[in-house]
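Encoded as structure tokens, the structure appears first; notes follow it.
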Amino acid sequence: MYQYMALPLSAVKGIGPSLEKRLHGRGIDCIGNLLLHLPLNYIDDRRVSPISLLREGESGRIEGRIISKEARGYGKDRQVWIRLADDHGQIRLNFFHAGFMMGDARLTEGRLISVRGVAERWQGQWQMTHPEWCVAEAFEPGYQPHYGALAGLSGKRIGTMIRQALLMLPATATSPLDHILMTQYRMPSLRQALLQLHQPHAADSDMLRHASSRLKSEEIILYLLLMLDKKRQADCPGILLASQRLSSELLEQLPFPLTDAQQSAWQDISADMTSGRRMHRLLQGDVGAGKTWVAALAMASVAGSGYQAALLAPTSVLASQHAITLRELLMPLGLDVALLTGSTRAAERRKILAALASGKISLVVGTHALLTDDVCFDHLALALVDEQHRFGVRQRWALAEKRKPDHQAVHLLAMTATPIPRTLALALYGDMDLSMMRGMPPGRKPIETRVISADKMRPLADGMQRMLDVDGRIYWIVPRIDEDDDGISVDQRVELLKGYFPAAGVLGLHGRMKASVKDEVLQAFASGACKILVSTTVVEVGVNIPEARLMIVEQAESYGLAQLHQLRGRVGRSSEQGYCMLIAGKQASQSSLGRLQQLVRSHDGLELAEADLAMRGSGDAIGTRQHGDAGFRLINLAGDGELIRQWYEHLPDFAADEAMLRFWRPFADSAD
């Protein structure tokens, strides 16, 4: 199976070099990745309706003979009108920018064609605009998958590519997990699950859920086996940090005393680092709970004992922010903090590398640049990984493995603001001990949160202007990068908001931008050159702009509560009041609106994460899985908690091969 999954996209009929390049830009670089683009829903396309029985505003399948075809206009704006008739009535099919259809031999008068589209009444006549069509003999009744747009390609075109890829799937293709899951758990094979999801014979929700669980099980079992192996490796002697002098001095100099949650977390970390065993701990703290202060205490303890500490951050913007904060805290103790990112100039980089190798630099903050082979430490004792779910498992460990052969194991402290219920965190990060921090530090106000409907845009625009008038910054979050059926994309919202607020320097941000471009956009937002930032959820963690006071999330019902809480945490990061406006989509159900009201009532990330699990339930795919959920490709932390716990408690005895690991990417460079 995995030999087939690894085939390049160019092996699929209809995908040439240009399309392959576009899909590569979205991380679709092999057939297996294309097949993981699962349908959003399914259309019952088994029955052909007489034209006279069509219902206005509803999608329907009809069949008729072409009685006339005409074109109007010229060039690329040419419109084609086709009149179709059956024994019960007539309908006009409208196609814009479609002059090429006039020469299509399949659309000559008298030909019988099959059509699916949304029926409308115009001047007493039925019409469909841009319906799907095929010659009647090519129509195959059944349940048709409906795909989301991808890389600027329509869902229909993506579906055609997926059908071609499935034609290449060998009947003998098997996964190494098939035998265990089929015999012990009565699950379909991996091949059967893919066919059931992409080519269902019936829209049976139980069957589809079972097939989806089979795919997700392949991913989570591999991940949990990897965690189990890492846990065994972590149980070993570690560097003993004897001196607490500098950390005690830092405690006395902090502007506020530690909260109870910070104090508890620091006690856990301090006990680990003075135990003689390797620390392997995850610090989970709510948005704005003060994890950086705890990290500073750990780094001070390391430097005071004569060793080195390094903090790894997923972006250069976040690394720079950490360096500034840590310098403010640690420089009064005589400790400097170096900063190493991909944009560090060559001469400065050589200087930093030499100082790290000699031990002259005790503390360093950086991005992936810290993981390159030429970065060597004199005696590294502590590796910190911030927003650790943004890194693959191998990278979480890579920094801690930068030790000399004769030195003891490096302590590892991973940090995250992603709220995950404790039982789920123990399963997902089974290689680590867990410390949880709840509550907010002094001086922070809860974010005032409201749920508003999509037709309240005028009052919202007035509120945005009032925020801009006092030099506040605004985030506007959209659910996708590319234009989809509803036309909500980063570029479109940028253009719309530029029209409303021409002096606000509106810019867009998304995960497909180069790191250097992302940093430029964020720096413009931080400096005030840009006052409105339109973005996907790439800003959900680690962006600290104190002037940002208003967060607007479009189609808010499509996100999990925990993720909305993360987004909300990007504002109100000063003593000024912050606001969060959740715009519900026009199709949002009453249950979805009720779920959003939880955010109005609660500001506790863990409480919201628990509510998400309870309200969504196992396998209930409300909304879409947001890219970067703990680095998973299919697993949704809110919807798949029960599945994760099931395999955590009943993990099969199984040895994964390299091809499986390479495809599911548990060692991925990054989840971004």
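Could you list, in sequence order, the residues of the range 143-164 that are on the phi < 0 side of the Ramachandran plot and among the small types (Gly, Ala, Ser)? I'd like the intermediate steps shown before the answer.
Keep residues of the range 143-164 that are on the phi < 0 side of the Ramachandran plot, which gives 143-150, 153-164.
Those that are on the phi < 0 side of the Ramachandran plot and among the small types (Gly, Ala, Ser): Gly148, Ala149, Ser154, Gly155, Gly159.
For the range 553-566, the criterion of being closer than 23 Å to Asp471 by Cα, touching a Leu at 6+ places or on another chain (Cβ under 8 Å) and in contact (Cβ under 8 Å) with a residue 60 or more places away in the chain is satisfied by at least one residue.
Tell me which residues, restricted to the range 577-588, are more than 14 Å from Met457 (Cβ to Cβ) and either open to solvent by 50 Å² or more (accessible area, probe 1.4 Å) or touching a residue at least 60 places away in the same chain (Cβ under 8 Å) (or both). If the condition is that a residue be more than 14 Å from Met457 (Cβ to Cβ) and either open to solvent by 50 Å² or more (accessible area, probe 1.4 Å) or touching a residue at least 60 places away in the same chain (Cβ under 8 Å) (or both), then Gln577, Gly578, Tyr579, Cys580, Gln587 are the ones that fit.
The condition of being touching a residue at least 60 places away in the same chain (Cβ under 8 Å) and surrounded by 19 or more Cβ atoms within 10 Å (Cβ to Cβ) holds for only one of Leu424, Leu434, Leu356, that being Leu424. Pull up the range 532-564, narrow it to residues that are assigned to a helix (DSSP H, G or I) and open to solvent by 10 Å² or more (accessible area, probe 1.4 Å), then point me to the one that is nearest to Ala609 (Cα to Cα). Step by step, filter the range 532-564, then rank; the result is Ala562.
Ala138 passes every criterion in (1) open to solvent by 40 Å² or more (accessible area, probe 1.4 Å); (2) over 30 Å from Leu7 (Cα atoms) apart from (2). Checking each residue in the range 57-67 for being out of contact with any Asp or Glu (no Cβ under 6 Å at 6 or more places or on another chain) and either open to solvent by 40 Å² or more (accessible area, probe 1.4 Å) or among the hydrophobic types (A, V, I, L, M, F, W, C) (or both) picks out Gly57, Glu58, Ser59, Ile62, Glu63, Arg65, Ile67. So which residues in the range 344-373 are part of a helix (DSSP H, G or I), among the small types (Gly, Ala, Ser) and either within 29 Å of the chain's Cα centre (by Cα) or closer than 15 Å to Thr315 by Cα (or both), if there are any at all? Correct list: Ala369 only. Exactly one residue out of Val80, Val115 is open to solvent by less than 20 Å² (accessible area, probe 1.4 Å) and without any contact (Cβ under 8 Å) to a residue 24 or more places away in the chain, and it is Val80. Answer yes or no as to whether Leu53 is in contact (Cβ under 8 Å) with a residue 24 or more places away in the chain, open to solvent by 20 Å² or more (accessible area, probe 1.4 Å) and under 26 Å from Ile635 (Cβ atoms). When the stated conditions are applied, Leu53 does not pass them.
State all residues of the range 83-112 that are open to solvent by less than 30 Å² (accessible area, probe 1.4 Å) and in contact with a Gly (Cβ under 6 Å, 6 or more places away or on another chain); if no residue qualifies, say none. It would help to see each step written out before you state the result.
Residues of the range 83-112 that are open to solvent by less than 30 Å² (accessible area, probe 1.4 Å), as a first pass: 84-85, 89, 91, 93-95, 98-99, 101, 107.
Leu84, Ala85 - these are the residues of the range 83-112 that are open to solvent by less than 30 Å² (accessible area, probe 1.4 Å) and in contact with a Gly (Cβ under 6 Å, 6 or more places away or on another chain).
The values are calculated or read from the model by the stated rules, or taken from the named source; none is laboratory data. This is a predicted model, so every value here is computed, not measured. Because the Cβ atoms are built from the backbone with ideal geometry, glycine has one as well, and the counts that use them run over all protein chains shown. When the accessible area is computed, the model is the full protein with side chains, heavy atoms only, and any ligands, DNA or RNA have been set aside. Shrake-Rupley method; radii C 1.70, N 1.55, O 1.52, S 1.80 Å.
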